[in-house]
Amino acid sequence: MVVFPAMVLKKSSLVLILAALAACSGQGDPDSPDVAVAAAGAPSCLAEPPAPVRLPGGTFTMGSDNAYAEEGPERSATVGAFWIDPVEVTNRSFAQFVEATGYVTVAERPVDPAIFGAPVETIPADMLKPGSAVFTPPDGPPRGEADWWSYVPGASWKAPFGPGGGEAEPAQPIVHLALADMLAYAEWKGGRLPTEAEWEYAARAGSPSGLEQPGPTKANSWQGVFPMANLEEDGFAGLAPVGCFEANAFGLYDMVGNAWEMTADPYAPGGERLPSVSSVSAGGNALPAAAVIKGGSYLCAPNYCMRYRAAARQGQDAGMGASNVGFRLVYDSDPAASAAK
């Protein structure tokens, strides 16, 4: 986990950090958690995830000079051929991994006080309990990100809203995972996290990246004034099951909206590009402090951000999960052929 000395002094400091890293956020009814409540007229969703798609690779223009500074400069990037899951990893899929291996996620483990770099007595008690960052709708006009992000003890992939908040929905993208958790799953599955270039190539699907944001029929996004009013015109008040909106030209679903997606690239301020993380780092060695996330989430609105684009990128704390960050896998060979061996 990234060490932020300020957060041992004031819980809101952690919330501010998480909001800055977990990026675009928002939710409607202040009396309801960010559950995936389907509204009338909600789109139909995939019954079963399709098989991984092979992408031929190629050269494309990566990044953007027309939106946020960290997206630039526009540059030529080349990726080789790879296979990619058409949908994000779901709670159902991750549960199979846990059942097979007994894996315990970072959010479920005891917190080591040493990560704070301060005397234990100065650390808020809740911060020493297992948990994760949860979007919490503000009760009144917000003053900043600290008013809608909270560290919730007991929150994890199994209990995405914390104790008493309901269990995870099997078909929804899994959230509340640290980078180490994602890498462990990827290694078990025989895949890996995509590099930022691979992810952006897949999301662009041969199209240029403009500034247009998807309408409510195109992605699980926020409609209304964030974070106070979510009109739910897309049919969902929170996370949606995977594959509820139209796929892109490569046959990939939810490449924008629903949940941000973690990549294998460390994030550095100022647009510096760093080497990608290997799946062999799942044990926690040489993991970056923050990793690049892509695609925006259901907690992004036009009045707050413009992140529903292939070029959009943010930094996410690699040591802690959040309620709007998930991931999908890519493969260097056909996973179907590997499974048949």
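Throughout, read-outs are computed from the coordinates displayed, never taken from laboratory work. Everything quoted here is computed from the prediction, not taken from an experiment. Ideal geometry is used to build each Cβ from the backbone, glycine not excepted, and the neighbour counts take in all protein chains shown.
Of note:
- In the structure shown, the pairs 129/294; 129/158; 218/294 are assessed against 23 Å; a Cα-Cα span above that value is assigned to 129/294.
- The alpha carbon gyration tensor of region 226-271 gives principal lengths a ≥ b ≥ c with a/c of 1.5 or higher and a/b no greater than b/c, which makes the shape oblate.
- The alpha carbon gyration tensor of region 5-340 gives principal lengths a ≥ b ≥ c with a/c below 1.5, which makes the shape rounded.
- Summing Cβ point charges (Lys, Arg +1; Asp, Glu -1) relative to the Cα centre of region 5-340 gives a dipole of roughly 380 debye.
- Net dipole in debye of region 94-232 [+1 Lys, Arg Cβ; -1 Asp, Glu Cβ; about Cα centre; nearest 20]: 180
- DSSP beta bridges in region 5-340 [antiparallel fraction, %, rounded to 5]: 90
- Per-residue Cβ neighbour rank within 10 angstrom, fewest leading, 334, 112: 112, 334
- The stretch between residue 120 and residue 81 holds 9.1 nm of extra length on full extension. This uses 0.36 nm per residue minus the Cα-Cα distance.
- Assigned charges on the beta-carbon of Lys, Arg, Asp, Glu; region 145-207 dipole about Cα centre (debye): 220
- Coupling constants for region 197-212 follow from the phi torsions by the Karplus curve (6.51 cos²θ - 1.76 cosθ + 1.60, θ = phi - 60°), and in residue order they are 5, 4, 4, 5, 4, 5, 6, 5, 6, x, 10, x, 9, x, 9, 5 Hz; glycine and proline get x.
- Zone of residue 95's modelled label, taken as backbone nitrogen in region 238-263 under 15 Å from a point 7 Å along Cα→Cβ: 241-242
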